[in-house]
Amino acid sequence: MDGFSDRQRITVDSAQATRAGRMARLLEGASIEITPRQIADGVPAAADRDPVGEVFVPFLPGADFDQTLDACRDLSLRGFTPVPHLPARAVPDHETLARFLDGLAAHDVTRLLLIAGDAPGPAGPFADTLGLLDPPSFADAGLTGLCVAGHPEGHPHADEAALMAALQRKQAHARMRGLPLTIVTQFSFDAAPVIAWCARLREAGIDAPVRIGIPAPVGMGTLIRFAMRCGVGASARLLGRRPDALQLLKRFDPLPLIAAFAGSDDANPPTNLAGVHLYCFGGAAQALSWRAQALDDLRATAQRETAHAEDAAP
């Protein structure tokens, strides 16, 4: 069960729908990122109605692969679809990679997010994500798709030309192996640079669908600290300069950001935007509850707007 089609697009045709309807579609197939510790503490079982499509499991500093396997098992038992991070530089040897992939297959995990990892150097033979695709164990892992990271606001250790070239190579490698590729972005507070970056992807021949990373509702202080740590400082500084943000320090509201993405195709050609990826920063249950309520509200608004438009039609 995936619950989300990566081939879903927001296209020019969807401009016929209301803004609220487009926002709801972005949230319907949302994925979410939850740490192994949060999962071990207990994530609510997947909702019968509008379950979140996939749960991404980050590989944090000091973690080990057994923790990731345990988290994937727990998520599967609760009715979620786990997508674990696989950091190339944290893999000490081919045997560890093979055991990890076998463990994932035992829990019916069929998609991974490949990342280089934060370590300054590799612990074993894999210096980057492309190296992970070559071992026979990877070809035999039963995977149906791959995810890779995207950085619309740049990366602290690589310029955009290098990042674009790497995405081109990853797309080519994935296609050669018959694995659909999805790009999952770092979180942002501002839609404009992400939409512009998606246009640059198209110009570079990268047509993989993009899931837009956005923060779930969270305290503003926590959010800005994570932003500075994760290399989205420009977006964080923009947020801090806005007078309305200064008055709303208690909690970040994702809906205006989702509205900006949902409206992007009103004035632009079709893009790679395919859905949202929620970063919850420790508040998984709250993020899932917020998404469910937001979907109810957006669908009700879309129905009212559609009815109003029909009544006003000649």
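Observations on the model:
- When the stretch 12-309 is reduced to its Cα atoms, the Kirkwood hydrodynamic radius in Å: 19.9
- Computed extension gain for residue 108 through residue 176, at 0.36 nm per residue and net of the alpha carbon distance, reaches 22.2 nm.
- A simple charge model with +1 on the Cβ of Lys and Arg, -1 on the Cβ of Asp and Glu and nothing else charged puts the dipole of the stretch 12-309 at about 660 debye relative to its Cα centre.
- Counting other Cβ atoms within 10 Å as a rough exposure proxy, the listed residues 151, 157 run 157, 151 from fewest neighbours to most.
- In terms of other Cβ atoms within 10 Å, 96, 129 run from fewest to most in the order 96, 129.
- Relative counts (whole %) of C-alpha pair distances in the stretch 74-196, using bins that are 10 Å wide: 12, 41, 34, 12, 0
- Here the residues 85, 173, ranked from fewest to most Cβ neighbours within 10 Å of their Cβ, fall in the order 173, 85.
- The distance linking the stretch 283-305 with the stretch 133-195 is 29 Å (Cα centroid to Cα centroid, whole angstrom).
- Sites residue 162 and residue 301, calculated FRET efficiency, Cβ-Cβ separation with R0 45 Å, nearest 0.05: 0.60
- Distance in nm between pseudo-label sites at residue 199 and residue 289 (7 Å out along the Cβ direction from Cα): 4.1
- Simple label model, 7 Å out from Cα along Cβ direction - residue 60 to residue 251, nm: 2.3
- Of the trypsin sites (Lys or Arg not before Pro) found in the stretch 41-131, the ones in coil according to DSSP and having at most 12 other Cβ atoms within 10 Å of their Cβ are 49.
No value in this document is a laboratory result; all are computed from the given coordinates. Everything numeric in this text was worked out from a predicted model, so none of it was measured. Cβ coordinates were reconstructed from backbone atoms using ideal geometry, including for glycine residues, and neighbour counts include every protein chain displayed.
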